[in-house]
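The values are calculated or read from the model by the stated rules, or taken from the named source; none is laboratory data. A quick note: this is a predicted structure, and the numbers were derived from the prediction, not measured. Using ideal geometry, Cβ is built from the backbone for each residue, glycine included, and neighbour counts are taken over all protein chains shown. For accessibility, only protein heavy atoms count, side chains too; no ligands or nucleic acids. Shrake-Rupley method; radii C 1.70, N 1.55, O 1.52, S 1.80 Å.
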Amino acid sequence: MALVDVALQTREDRLPQEIRRFLRESDRRIEEFTEEARRHPIPAFVPSDFTAAYGALAAIEEFSLSAGSLFCEWGSGFGVVTCLAAWMEFESYGIEIEPELVSEAEALARDFDLTAEFVAGNFVPPGSDTPAVPPREVAWLATEGADAYGRCGLSCADFHVIYAYPRPVGGDNLGELF
């Protein structure tokens, strides 16, 4: 599987109206959740740049960069990017270690009548080597947790597009990856 660099020029004012409405509602829910979560924070929950993610998905679609329609978001949080992929007719799966976030993602997809599956579990495939960074420093790379792929009935290698948003480490924001 080859990685492809895609130049993005998506601007918020060029988003389709229904996508803008969806992103506004997603942002509202995330803001409400993070206000409540200050009492019980979820480690490593950092929302992605959803406008940029939409632009990347649109480029993948426009230039036929995917060999198929299976999409997976690692660490899907509220499932916004998974929902955007479903909107673009990908068969979309979101994997999230925090069950509370899975519930929020399922509600968002349901409220917008989007077909996406969210699984509580680990996106690190079973049998993977222990990450080079200790899990206590980068919680989302822990190898513990349920096998999310088994719960989906798929393997990591089955997906045609995998979206991951690398969280800031040491104050650096590393950006988007596909």
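Observations
- Test: residue in region 15-30 that is hydrophobic (A, V, I, L, M, F, W, C), out of contact with any helix residue (DSSP H, G or I) (no Cβ under 9 Å at 6 or more places or on another chain) and in a loop (DSSP other than H, G, I, E, B): no
- Complete set of residues in region 55-106 that are without any contact (Cβ under 8 Å) to a residue 40 or more places away in the chain and surrounded by fewer than 20 Cβ atoms within 10 Å (Cβ to Cβ): 61, 62, 64, 88, 89, 91, 99, 103, 106
- The one condition from (1) open to solvent by 60 Å² or more (accessible area, probe 1.4 Å); (2) modelled with pLDDT of 90 or more; (3) more than 15 Å from residue 78 (Cα to Cα) that residue 28 does not meet is (3).
- Set 86, 56: member being within 24 Å of residue 148 (Cβ to Cβ) and at pLDDT 90 or above: 86
- When region 93-110 is filtered for residues that are not in a helix (DSSP H, G or I) and not aliphatic (A, V, I, L, M), the ones remaining, listed by number, are 93, 94, 96, 98.
- Residue, most open to solvent (accessible area, probe 1.4 Å), within region 31-53, restricted to residues that are closer than 25 Å to residue 149 by Cα and in a helix (DSSP H, G or I): 50
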